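Participant: Have a look at the structure that comes next, please.
The values are calculated or read from the model by the stated rules, or taken from the named source; none is laboratory data. On a predicted model such as this, the values are computed, not experimentally measured, just so you know. So basically every Cβ, Gly included, is an ideal-geometry build from the backbone, and we count neighbours across all protein chains shown. Keep in mind that these areas ignore ligands, DNA and RNA; they rest on the heavy atoms of the full protein, side chains included. Shrake-Rupley method; radii C 1.70, N 1.55, O 1.52, S 1.80 Å.
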Amino acid sequence: MTKVELRGVGIAYESEVVVSELDLTVSSGEWLALIGPNGAGKTTILRAIARLVSYQGEIQIDGKAVHNLTGRELARRVAMVMQEPHMPDGMSVSQYVLLGRSPHLTYFGKEGRTDHRVVADILERLSLDRLAARPLDHLSGGERQRAAIARALAQQAPVLLVDEPTSSLDVGRQQEVLELIDALRAEQGLTVIAAMHELTLAGQYADRLALLVGGKLVAVGAPADVLTEPAIAIHYHAHVRVLSLNGSGRAVVPVRSHLPSPPGEVVP
Amino acid sequence: MLILGRRLPAPPAPPLALLQGLPRLPWVWAVAGVAALLGAAILGVLVGPVHIGLGTVVQAVLAPIPWFGASSVDPSQASILWSLRIPRVVLGALVGGMLATAGAAYQGVFRNPLADPYLLGAAAGANLGATLAIAFAPGSSLIGVNLVPLAGFVGAALAVAGAYALGRTVTGLRNTIGLILAGVAIAAFFNAIQTYIQQAQTNNIRQVYSWILGRLVTAGWDGVLLVLPYVAISVAVILLHRRLLDALSVGDEEVTSLGISARRVRLIVVVAATLGTAAVVAIAGTIAFVGIIIPHTVRLLVGRSYRVVIPLSLLFGAAFLVLADTAARTVAAPAELPIGVITAFIGAPFFIVVMRSTRAAAL
């Protein structure tokens, strides 16, 4: 169970400020979704927590400042699933997932039985055991996403960062992946921070949403409080309806102001 | 396993194969590599202007070992074997194994299939160093060591260090492109100076040219002893990085998120590969193509994991260069062809055959 705290975090690429004055606390075992229009800084915040970009301010994991940890120490606490993970052609699923054991090995170390055991269990849990020997380039989109999650889980880190887990998946695979992350969170007590652009799914799966616009936090709270028609209209410049789904969250549905005429119909 | 919708219990996994699909060094190929090296070595020792039979070779090789010592090998034949042919075969194996291993290592750290041991300017630096020594200090030596290989070694090391420093100022080593471009720039600059000196000092042009094309002429064991420590350390360090080279293939950013410093791995492997390459280039000249063709052939035939590619490149690179050297000194005997001509002449068509037959899926 691990808590993540960001205090006064600012991130700039070259001289362009991408995130500024961000204060955010993610409780242990919580699923927090970072939402916001394109370019809001969602991915950048995840990258800062994984220390892949330099930042100002303070990021702490269970009270320990991220910048004081070694690379291996950090990788044993934080695992990240990239939006488009690079999957080397020809590498097998098991070899790829075994890479997740790296933070538990010394520099010249070799994976031992424990590492193989951990990976075998994860492959089974994610229904990848039959695909263990398959090359990554022979996987479907959903299988690739599962392999990427499996590699992150192999790190056995209590904090899981997920960047757009559902992009390029069909609706069935989207649900499958999110259900999987949710189940793993419950089983293993993971703290999940996910950048999500699908507002309906974010509202259904996350405990809290943090709405970012232009690198600034404009709203944070329960989905029902953040996903409101006016907020989405202002920050996304989108015309939507937010529908209540009787106990299973809210659906954010885009609405067209002018429906086009059906083909063949003559407009008088 | 799903049969007609019924889930059957999975067969119990064999205790040692907990995970399927992990790269393992296939013993068939390992044995084939050792056999190829031994075969090439035997051929290399047997072939030469003076006929020496296999029996004599075996006797001569066993002679220094107690209990086998009572041999009656003709001293002149023993001398040809021990001071000419065997050291040359050993040197060929060291040079070939080193170049192929360094090539595989460079391809791993730069994640670039076109990388070879000369990518960061090692060849240009060695050529410039050797040309300077041949042109301005012919025949001189420093503390008993011939100046030409020394200058070649220093030139190669300086070129790569320069490329590394330059690449660092350009992109901060965040990606490898800056490093590769720096290597290209350094190589072009060194080549320009080298060509100028070569043109200005035409009386040495033949010697310079022959150095550049590479040869394994060695007086006894001097050359072998000179390169052996570098090759041993370099190959050992690269072999120890097999797992990390595989890890690097997911890219710098993801490997960083796994707690591995891509920069550190790259620096250590490049330094190790460069030391070994500089040493063999200093003795044997800039032999082309081995560093690319051998690792790629291994990759096409056996698989892409560096856990397999590195050790097999070492074996097959060694075997290939011993064979190429044997061809270089027999094809136009008594003259010797430059070994670089042979490596490319045999290597290129062979590589094309392998590439076509495996449909290049593994590239």
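Participant: In a Debye calculation with equal point scatterers on the alpha-carbon sites of chain A and no solvent, what is log10 I(q)/I(0) at q = 0.09, 0.16 Å⁻¹?
Facilitator: Calculated log10 I(q)/I(0) at the listed q: -0.45, -1.25.
Participant: Could you tell me which of rounded, prolate or oblate describes the protein assembly as shown, using a ≥ b ≥ c as the square roots of the eigenvalues of the alpha-carbon gyration tensor, with rounded for a/c under 1.5 and, failing that, prolate when a/b is larger than b/c and oblate otherwise?
Facilitator: It is prolate, given that a/c is not under 1.5 and a/b is the larger ratio.
Participant: Chain pair B, A: how much accessible area is buried, both chains summed, with a 1.4 Å probe, in Å² to 100?
Facilitator: The contact between A and B buries close to 2900 Å².
Participant: Can I ask one more? For the stretch A:127-268, what log10 I(q)/I(0) values come out of the Debye formula at q = 0.14, 0.16, 0.21 1/Å, with one point per alpha carbon and no solvent?
Facilitator: Result of the Debye calculation: -0.79, -0.95, -1.33.
Participant: Follow-up question, since we're still on this one. Rule-of-thumb check for the stretch B:63-133: C-alpha Rg over 2.2 N^0.38 Å?
Facilitator: 1.76
Participant: Mind ranking B:Val353, A:Val97 by accessible surface for me, highest first, 1.4 Å probe?
Facilitator: From most accessible down to least: B:Val353, A:Val97.
Participant: Would you mind putting A:130-139, A:180-189, A:153-162, A:80-89 in packing order, based on average other-beta-carbon counts within 10 Å, highest first?
Facilitator: Put in order of decreasing packing, that is A:153-162, A:80-89, A:130-139, A:180-189.
Participant: Still on this structure, please answer the following. How far is the Cα center of the stretch A:181-241 from the Cα center of the stretch B:277-336, in Å?
Facilitator: Computed from Cα coordinates, the inter-centre distance equals 57 Å.
Participant: Per Stokes-Einstein, at 25 °C and 0.890 mPa s, what whole-number D in µm² s⁻¹ belongs to the stretch B:237-363, with the Kirkwood radius over Cα pairs as the hydrodynamic radius?
Facilitator: Result for D is 151 µm²/s.
Participant: List for the stretch A:37-78: residues with 40 Å² or greater reduction in accessible area, all protein chains versus chain alone, probe 1.4 Å?
Facilitator: Output list: A:Leu52.
Participant: Right, another one. Mean residue ellipticity at 222 nm from the helices of the protein assembly as shown, using -39,500 (n - 2.57) per DSSP H segment of n ≥ 4 over the full residue count, to the nearest 500 deg cm²/dmol?
Facilitator: -17000 deg cm²/dmol
Participant: For chain A, what does the relative contact order come out to in percent, with C-alpha contacts under 8 Å and a separation of six or more?
Facilitator: 24
Participant: Over all directions, average the projected area of the Cα convex hull of the stretch B:274-339 and note it in nm².
Facilitator: 5.0
Participant: Normalised by the residues of chain B, what does the relative contact order come to in percent, with Cα pairs under 8 Å and at least six apart?
Facilitator: 27
Participant: For the stretch A:29-99, what is the Kirkwood estimate of the hydrodynamic radius, computed as the reciprocal of the mean inverse distance between distinct Cα atoms, to one decimal in Å?
Facilitator: Value: 14.4 Å, from the Cα pair sum.
Participant: Which residues, if any, in the stretch A:91-106 have at least 50 Å² less accessible area in the whole protein complex than in the isolated chain, probe 1.4 Å?
Facilitator: A:Gln95, A:Leu99, A:Ser102
Participant: Further question on the same structure: If you keep only loop residues by DSSP, which trypsin sites (Lys or Arg not before Pro) in the stretch A:197-252 have at most 12 other Cβ atoms within 10 Å of their Cβ?
Facilitator: Answer by residue number: there is no such site.
Participant: I want to check a number: in the protein assembly as shown, how many lysine pairs have alpha carbons closer than 25 Å, given a sequence separation of 8 or more or different chains?
Facilitator: Close lysine pairs found across the protein assembly as shown: 6.
Participant: Helix A:113-125 sits at what angle to the longest principal axis of chain A, using alpha carbons and giving 0 to 90 degrees rounded to 10?
Facilitator: 30
Participant: Still on this structure: Taking +1 at the Cβ of each Lys and Arg and -1 at the Cβ of each Asp and Glu, which of A:Ala50, A:Tyr13, A:Val218 sits farthest along the dipole of chain A towards its positive end, judged by Cα position relative to the Cα centre?
Facilitator: Working it through, the farthest residue towards the positive pole turns out to be A:Ala50.
Participant: Quote the convex hull volume per residue of chain B, based on C-alpha atoms, as a whole number of Å³.
Facilitator: So the per-residue hull volume is 195 Å³.
Participant: List residues of the stretch B:264-297, by number, whose backbone nitrogen lies under 20 Å from a label position 7 Å along Cα→C-beta of B:Phe350.
Facilitator: Under 20 Å, as judged by backbone N against the label point of B:Phe350, lie B:281, B:284-297 of the stretch B:264-297.
Participant: For the stretch A:1-26 and the stretch B:204-262, compute the distance between their C-alpha centroids and round to whole Å.
Facilitator: Their Cα centres are 43 Å away from one another.
Participant: Share of the stretch A:1-114's accessible area from carbon and sulfur, percent, 1.4 Å?
Facilitator: So the carbon and sulfur contribution to the accessible surface is 45 percent.
Participant: If you don't mind, another one. Counting partner chain Cβ atoms within 10 Å of every residue's Cβ in B:20-31, what's the average?
Facilitator: 3
Participant: How big is the Kirkwood radius of the stretch A:60-203, worked out from every pair of different alpha carbons and given in Å to one decimal?
Facilitator: Answer for the stretch A:60-203: a Kirkwood hydrodynamic radius of 15.7 Å.
Participant: In Å², and per residue, what accessible area does chain B have when probed at 1.4 Å with the other protein chains present?
Facilitator: It amounts to 46 Å² per residue over chain B.
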